[in-house]
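Quick notes on the structure that follows.
Just so it is clear, none of the values below were taken in a lab; they were calculated from the coordinates. In this text, all values refer to a predicted model and were calculated from it rather than measured experimentally. Here the Cβ positions follow ideal geometry from the backbone for every residue, glycine too, while neighbour counts run over all protein chains shown.
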DNA sequence: GCATTCTAGTTTGCCATACAAACCTGTCGT
DNA sequence: ACGACAGGTTTGTATGGCAAACTAGAATGC
């Protein structure tokens, strides 16, 4: 297997999924976003966004912090350092592949 | 939705799948490969490779030509022009996203 | 003050699909 | 003739993405 193919086959599937890729890209740019911001920005529906976030949390790539803004519940998302590292690795992998 | 996210969300899922991405990348480099070459190069198993190729054929991205090399059956794969275009588009999408 | 609606998400159900194991068809060696 | 092998394909399963339905609590109408 050549180097290009190796790079492709080693891409992190958790990040590779476009829905999650959008989330991670946003979080890597903004450090901290709330659920609704991601919802509007990605144009996903709530269920979809929620389950992708759950998957990212399970992979320990994002932290999910439930809080309140006054009386309104608010879910704040943050990339963990593992998440940032994984995203950097993913981009390196892409670079190596193309 | 910003331009980066748009690019990500519009990535062609048929090509995006790493297994198929490897296949398409190889075919785009070599114009024509046989099944066994792809098999060894990608390190997939036969079933997996076969079904990814079927999917690419269904999308009209590759042509599958069954022939013989002597008495040994040989399956030759080739990117169609639609396939090449889709791959170019995919790479443009990636560039736009990162 | 009770019902309705709205906000902010989560859970459920279904369908598509990635993957590998089992299978199939023909050839070669002995 | 028969077992092993080559070259793929089909089948079965388990995962996973997606949207619809659900939940909990706050604001609003009557």
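Things to note:
- Inter-label distance, nm, simple model (7 Å from Cα along the C-beta direction), residue B:50/residue A:98: 3.2 nm
- Rounded tilt (10° steps) of B:46-58 against the dominant C-alpha axis of chain B: 60 degrees
- 0 to 90° range, to nearest 10: angle between helix B:18-30 axis and chain B longest Cα axis: 70 degrees
- Kirkwood hydrodynamic radius of the stretch A:3-97, from the reciprocal of the average inverse Cα-Cα distance over all distinct pairs: 13.8 Å.
- Neighbouring Cβ atoms from other chains, within 10 Å of the Cβ of residues in B:43-49, number 1 on average.
- The distance between label points at residue B:76 and residue A:32 comes to 6.2 nm (points 7 Å beyond Cα on the Cα→Cβ vector).
- Sequence-separation-based contact order of the stretch A:3-97, relative, with Cα cut under 8 Å and 6+ spacing, percent: 39 percent
- Against chain B, whose longest principal axis is taken from its Cα atoms, helix B:81-97 shows a tilt of about 40°.
- Per-residue average of Cβ from other chains inside 10 Å of A:18-26: 5
- What the Cα atoms of the protein assembly as shown give is an Rg and a Dmax of 19.6, 77 Å.
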